[in-house]
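Participant: Below is one structure. I have some questions about it.
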Amino acid sequence: ITVGLEDPADIIADLKQALDGIDGGEVPDVLTEFGGRCPADAQFDTKCLLGGQQPDASSGARVPPVCFSTGFNFKGTSDAADKFNLAAFGPIYARLGNPTNDALEAKIAALEGGMACLTVASGHAAQHLAFSNLMRRGDNFVTTNKLYGGSVTQFNRFFEQFGWEARFCAVDDYAAIEAAIDDKTKAVYCESISNPEGLMMDIKKIADIAHAKGLPLIVDNTSATPYLCRPFEHGADIIVHSLTKFMNGHGNSLGGAIVEKGDFNWGASPEKFPILAQPCASYHGMVFYDVFGKDGPVAEMFGTKGKTGMSFAIAARALGLRDAGPCMAPMNAFLINTGIETLPLRIQKHCSNAVAVAEFLTGHEQVQACSYTGLKSNPNNAMINQYCPKGAGSLFTFSLKGGFEAAKQVVNNVKMISLVANLGDCRTLVAHPASMMHRQLNEEQQKAAGASPDVIRITVGLEDPADIIADLKQALDGIDGGEVPDVLTEFGGRCPADAQFDTKCLLGGQQPDASSGARVPPVCFSTGFNFKGTSDAADKFNLAAFGPIYARLGNPTNDALEAKIAALEGGMACLTVASGHAAQHLAFSNLMRRGDNFVTTNKLYGGSVTQFNRFFEQFGWEARFCAVDDYAAIEAAIDDKTKAVYCESISNPEGLMMDIKKIADIAHAKGLPLI
């Protein structure tokens, strides 16, 4: 067994029922279905891995396949008509859904404790479609004013084009929030943990205000993720996400989500929510809430009648996504789904690193203030502990005593930390909101949003905290009051020469893309590479110069991985190949000729045994097997045709640790390498 990242209680429960089921009877050769399924009562960590997915029915693939098809076959015209009429579930066209996206949606719904989810192209697209379910020209919604700058501009500029009004209120002015609601108000909105300050909203109090007026509460849970905060448990009705951020966690794909709790009664006020609770001409007079709401036939089909339905999510898909079209690409869904698998581990490390970094910043002489709510001294600390007992996240701001110029200088001075218009990456990122995300706001709006000109936003990543603090310290210590250059000569985000292991895992062996500054190394699909003339080509073919020649021999994407692995192992160089078997084949091909041998311990992966005994035998290479702890036998097996000694560090399958030092001493005494 290799024990995974599921909740240990779920692993043990599955093993217990399997062991308890031993009855001495005959075991069938073939089961009726593949295993690897999420338990109905799975814990959160297990849902991150298995929630919403089933093994591929045809192949049993453990990882959900990526479905790139834009269209899907129907079983005749009746099947097609039923799906187009929303009388049956199933894929129609990739703009409306895709099996890869479906798996991600089911997982997110499970993690948030919701009934249904719709994934879309970005967080902005999620907000757009969520409000398009509720708003018509002349309507308004009430929102707290501590928001991501992109949301402020979306609400103030883009939504204004549709005649939708956003009414901004201070986050803790609950009387103002209530007073801003009128008969044209369709929702109340807030972020769970605000961007950029990292303030925790009192979700329950805001939800109570909304519900007293018959309105839904929409919560953006991007910064907290369901690992830290589950807004449905505190009164939220709809959750939106930018999945690009912490949920994905690797900065390699855009995505957004709308999650529906499912118990809001849209039918109680059909005139207020006509898109959901009045006949829809697009579907021949069907009422979404009547069919898909908590008291409708679909809820009965799912066994949730009277409790939860999915009318909001279905309408967002069947109307908003159908007509506006911001669908998520299936490859993005796959990458985000993969990122969520490590969500609990990542968020734990984000939080612990953030505490260390915030404590450092609060003690630095150049820092005016630090907004991190995870500090006991923060006025918002009690609120964050109430809603997020596992931690305060890793998004916060700090301000500089030297003002705007000092903030710019710090952001320009960092070397390992990346200056990037994103957050929630596994790497530490900084931004100067007044120059970036909040640039389109005036200074008064910037201050209201927590993005004053002297403020720096940081999302603390997964590097070793000592490396993060060291980079911030040199950046802060470098404030000199001088003029800050507008453009630096190179991009930041570089691995320190003396980086710790955790930092090397993130930054080792890579440089920001020289042309674009891409934070994630670009994938190079080119099979051939230009030469700077015949001399350059000749030098590279003669190994007189480094550089790519042909993809079989190397590729910039592979180069970055090779440099990282060499750094992690403490080696000088690395070559990546197609598989572990290929690595062993090439390693021994550097040493062996027909008639040669190598000595190996006998506790090995079965595939290595067959490779050594069958495949290598074809070349006349002999593997001499010895017991792992019979060092005399290992030494005795060596002769003048022996070219290497081999072992696994921790053996597969038993997990035994080899005495590498002792085996190395034997090999080196005979002038042989240890592999």
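The values are calculated or read from the model by the stated rules, or taken from the named source; none is laboratory data. Just so it is clear, the model here is predicted, and its values are computed rather than measured. We place every Cβ from the backbone using ideal geometry, glycine too, and count neighbours over all the protein chains shown. With ligands, DNA and RNA removed, areas are computed over all heavy atoms of the protein, side chains included. Shrake-Rupley method; radii C 1.70, N 1.55, O 1.52, S 1.80 Å.
Participant: Can you say whether Asp41 is surrounded by 15 or more Cβ atoms within 10 Å (Cβ to Cβ), under 32 Å from the mean Cα position of the chain (by Cα), of a type in the set (Asp, Glu) and farther than 30 Å from Ser282 by Cβ, as far as the supplied structure shows?
Facilitator: Values: surrounded by 15 or more Cβ atoms within 10 Å (Cβ to Cβ): no; under 32 Å from the mean Cα position of the chain (by Cα): yes; of a type in the set (Asp, Glu): yes; farther than 30 Å from Ser282 by Cβ: yes.
It is false that Asp41 is surrounded by 15 or more Cβ atoms within 10 Å (Cβ to Cβ), under 32 Å from the mean Cα position of the chain (by Cα), of a type in the set (Asp, Glu) and farther than 30 Å from Ser282 by Cβ.
Participant: From Val599, Val577, grab the single residue that is under 29 Å from Thr642 (Cα atoms), crowded, with 17+ Cβ neighbours inside 10 Å, at pLDDT 95 or above and aliphatic (A, V, I, L, M).
Facilitator: Going through Val599, Val577 in turn, the sole match is Val599.
Participant: Take region 341-379 and flag every residue that is more than 30 Å from Leu104 (Cβ to Cβ), of a type in the set (Ser, Thr, Tyr) and surrounded by fewer than 19 Cβ atoms within 10 Å (Cβ to Cβ).
Facilitator: Going residue by residue through region 341-379, those that are more than 30 Å from Leu104 (Cβ to Cβ) are 355-372, 375-379.
Checking the rest, the ones that are also of a type in the set (Ser, Thr, Tyr) come to 362, 371-372, 377.
Across region 341-379, the qualifying residues are Thr362, Ser377.
Participant: Please go through region 47-60 and give me each residue that is open to solvent by less than 30 Å² (accessible area, probe 1.4 Å) and either of a type in the set (A, V, I, L, M) or on the phi < 0 side of the Ramachandran plot (or both), ordered by number. Before the answer, list the steps.
Facilitator: Our first condition is that a residue be open to solvent by less than 30 Å² (accessible area, probe 1.4 Å); within region 47-60, this holds for 48-51, 53, 55, 60.
Within region 47-60, Cys48, Leu49, Leu50, Gly51, Gln53, Pro55 meet the criteria.
Participant: Test Lys204 against the stated conditions and say whether it is out of contact with any His (no Cβ under 8 Å at 6 or more places or on another chain) and over 27 Å from Val455 (Cα atoms). Talk me through it step by step, then tell me what you get.
Facilitator: On the way: out of contact with any His (no Cβ under 8 Å at 6 or more places or on another chain): no; over 27 Å from Val455 (Cα atoms): yes.
Answer is no for this residue.
Participant: Which of the residues belonging to region 381-422 are touching a residue at least 24 places away in the same chain (Cβ under 8 Å), assigned to a loop (DSSP other than H, G, I, E, B), open to solvent by 30 Å² or more (accessible area, probe 1.4 Å) and farther than 23 Å from Ala499 by Cβ?
Facilitator: Lys390, Lys401, Gly402
Participant: Scan region 359-371 and give yes if some residue there is at pLDDT 95 or above and within 23 Å of the chain's Cα centre (by Cα), otherwise no. Even if it seems obvious, please write down each step before you answer.
Facilitator: Looking only at region 359-371, we keep the residues that are at pLDDT 95 or above, and these are 359-371.
Applying the additional criterion that residues be within 23 Å of the chain's Cα centre (by Cα) yields none.
No, region 359-371 contains no residue that is at pLDDT 95 or above and within 23 Å of the chain's Cα centre (by Cα).
Participant: Might you check whether a residue that is assigned to a strand (DSSP E or B), in contact with a Leu (Cβ under 6 Å, 6 or more places away or on another chain) and open to solvent by less than 30 Å² (accessible area, probe 1.4 Å) occurs anywhere in region 257-265?
Facilitator: First, pick out the residues of region 257-265 that are assigned to a strand (DSSP E or B): 257-260.
Add one more test, that the residue is in contact with a Leu (Cβ under 6 Å, 6 or more places away or on another chain), and what stays is 257-258.
Add one more test, that the residue is open to solvent by less than 30 Å² (accessible area, probe 1.4 Å), and what stays is 257-258.
Among the residues of region 257-265, at least one is assigned to a strand (DSSP E or B), in contact with a Leu (Cβ under 6 Å, 6 or more places away or on another chain) and open to solvent by less than 30 Å² (accessible area, probe 1.4 Å), which makes the answer yes.
Participant: Sticking with this one: Report those helices (runs of 4 or more DSSP H) wholly inside region 439-507 carrying at least 1 residues which are touching a helix residue (DSSP H, G or I) at 6+ places or on another chain (Cβ under 9 Å) and within 21 Å of Ala518 (Cα to Cα).
Facilitator: On the way: elements: 443-448, 465-477, 501-507.
Counting at least 1 such residues, we get 465-477, 501-507.
Participant: Can you spot a residue in region 498-513 that is acidic (Asp, Glu), touching a residue at least 40 places away in the same chain (Cβ under 8 Å) and either touching a strand residue (DSSP E or B) at 6+ places or on another chain (Cβ under 9 Å) or loosely packed, with under 15 Cβ neighbours inside 10 Å (or both)?
Facilitator: Quick first cut of region 498-513, residues acidic (Asp, Glu) only: 498, 502, 513.
When the remaining residues are screened for being touching a residue at least 40 places away in the same chain (Cβ under 8 Å), the result is 502.
In the following step, the residues that additionally are either touching a strand residue (DSSP E or B) at 6+ places or on another chain (Cβ under 9 Å) or loosely packed, with under 15 Cβ neighbours inside 10 Å (or both) were identified as none.
No - not one qualifying residue is present in region 498-513.
Participant: Mind listing whichever residues of region 1-27 are open to solvent by 80 Å² or more (accessible area, probe 1.4 Å), within 27 Å of Tyr605 (Cα to Cα) and assigned to a loop (DSSP other than H, G, I, E, B)?
Facilitator: Selection gives Ile1, Thr2, Val3, Leu5, Val27.
Participant: Here's a follow-up. In region 81-103, what residues are outside any loop (DSSP other than H, G, I, E, B) and either within 32 Å of the chain's Cα centre (by Cα) or crowded, with 18+ Cβ neighbours inside 10 Å (or both)? Reasoning before the result, please.
Facilitator: Applying the first criterion (outside any loop (DSSP other than H, G, I, E, B)) to region 81-103 yields 81-84, 93, 99-103.
Matches in region 81-103: Lys83, Tyr93, Pro99, Thr100, Asn101, Asp102, Ala103.
Participant: Here are some residues: Ala518, Ala545. Which one is open to solvent by less than 100 Å² (accessible area, probe 1.4 Å), more than 33 Å from the chain's Cα centre (by Cα) and among the small types (Gly, Ala, Ser)? Write out each step before concluding.
Facilitator: On the way: Ala518 fails: more than 33 Å from the chain's Cα centre (by Cα).
Result: Ala545 is the single residue among Ala518, Ala545 that is open to solvent by less than 100 Å² (accessible area, probe 1.4 Å), more than 33 Å from the chain's Cα centre (by Cα) and among the small types (Gly, Ala, Ser).
Participant: Condition check: at pLDDT 90 or above, under 29 Å from Lys643 (Cα atoms) and among the small types (Gly, Ala, Ser). Does Ala583 satisfy that? Steps first, please.
Facilitator: Numbers: at pLDDT 90 or above: yes; under 29 Å from Lys643 (Cα atoms): yes; among the small types (Gly, Ala, Ser): yes.
The answer is yes for Ala583.
Participant: Could you check region 144-175 and list, in sequence order, the residues that are within 26 Å of the chain's Cα centre (by Cα) and among the β-branched types (Val, Ile, Thr)?
Facilitator: Selection gives Val152, Thr153.
Participant: Please enumerate the residues belonging to region 307-333 that are open to solvent by less than 50 Å² (accessible area, probe 1.4 Å), closer than 21 Å to Gly113 by Cα and of a type outside the set (Gly, Ala, Ser).
Facilitator: Thr308, Met310, Phe312, Ile314, listed by residue number.
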